[in-house]
1. Inspect all residues belonging to segment 36-44 and state whether any of them is modelled with pLDDT of 85 or more, within 22 Å of GLY98 (Cβ to Cβ) and not small (Gly, Ala, Ser).
2. Right, ALA155: under 23 Å from PHE79 (Cβ atoms), surrounded by 12 or more Cβ atoms within 10 Å (Cβ to Cβ) and modelled with pLDDT under 90 or not?
3. If ALA92 meets every condition in (1) among the aliphatic types (A, V, I, L, M); (2) modelled with pLDDT of 85 or more; (3) touching a Lys or Arg at 6+ places or on another chain (Cβ under 7 Å) apart from one, which number is that one?
4. For segment 128-138, indicate whether the set of residues that are under 11 Å from the mean Cα position of the chain (by Cα) and modelled with pLDDT of 90 or more is non-empty.
5. In segment 42-53, what residues are in a strand (DSSP E or B) and either touching a residue at least 12 places away in the same chain (Cβ under 8 Å) or acidic (Asp, Glu) (or both)?
6. Counting just the residues of segment 77-96 that are closer than 16 Å to GLY34 by Cβ and not in a helix (DSSP H, G or I), which one comes out nearest to the chain's Cα centre (by Cα)?
7. Determine whether GLN72 is more than 19 Å from ALA144 (Cα to Cα), surrounded by 11 or more Cβ atoms within 10 Å (Cβ to Cβ), in contact with a strand residue (DSSP E or B) (Cβ under 6 Å, 6 or more places away or on another chain) and in contact (Cβ under 8 Å) with a residue 12 or more places away in the chain.
Amino acid sequence: MLSNQRSKHCISLAVLVVGIAHTDAMSQTVRTDGVYRSEVQRNENATDYISILRFAPDGRVFLMQAAMPARQERVCERFRPELAQPHWAKGATYRMEGNRLSFQTSSPSATTSFDGTVASDTLQLKLVVPTRQNLSYDLTFKFAPCADQKPAEQAGRE
């Protein structure tokens with residue numbers, strides 16, 4: 001009988017832990033205290049570059065490309081929402097539903113749709129650029145903090 005109660009207790013704890021992990025995974029959010037950097041890509045001119053996403057606390061999102069090497073300090077210094085430049089692709093808002101993220105950016109040269117997931121500090125996104133070739137590809141972005149920025153949750157407490 002005691003063994004049976006222990007088994008039930010262990011099962012209850014396991015269900016609780018799985019429930020907490022599931023709730024945590026469902027409450028993922030994007031960070032606004034830094035940038036998300038893609039893996040290195042190569043353009044048609046054989047130049048290495050990265051795509052960089054920056055999310056603003058007000059819901060806006062910005063996209064730019066930077067030639068390699070792209071030093072983090074320089075990216076953080078120049079790629080801030082309050083310094084928005086005409087050549088940056090901009091999105092009015094991004095949507096989060098659970099760990100699902102979607103948004104669209106527009107620039108003079110292209111409109112790009114993004115859809116994917118947020119897991120910890122990693123974005124797994126499918127990009128779709130409606131052109132004659134209908135470009136579509138997957139890209140992983142990793143978060144990199146900016147030293148001059150405070151995490152959103154810390155900034156809200158001050």
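The values are calculated or read from the model by the stated rules, or taken from the named source; none is laboratory data. Remember, it's a predicted structure, so these values are computed and weren't measured experimentally. Here the Cβ is made from the backbone with ideal geometry for all residues, glycine too, and neighbour counts use every protein chain on show.
1. Checked against the condition, which is being modelled with pLDDT of 85 or more, within 22 Å of GLY98 (Cβ to Cβ) and not small (Gly, Ala, Ser), segment 36-44 yields at least one hit.
2. Details: under 23 Å from PHE79 (Cβ atoms): yes; surrounded by 12 or more Cβ atoms within 10 Å (Cβ to Cβ): yes; modelled with pLDDT under 90: yes.
In short, yes.
3. All conditions are met except number (2).
4. No: zero hits.
5. Matches in segment 42-53: ASP48, TYR49, ILE50, SER51, ILE52, LEU53.
6. Per the stated criteria, the residue is TYR94.
7. When the stated conditions are applied, GLN72 does not pass them.
Results for (1) acidic (Asp, Glu); (2) at pLDDT 50 or above; (3) within 21 Å of SER109 (Cα to Cα), shown as yes or no for each residue.
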site	(1), (2), (3)
ASP24	yes, no, no
ALA46	no, yes, yes
ARG54	no, yes, yes
GLY59	no, yes, no
GLN65	no, yes, yes
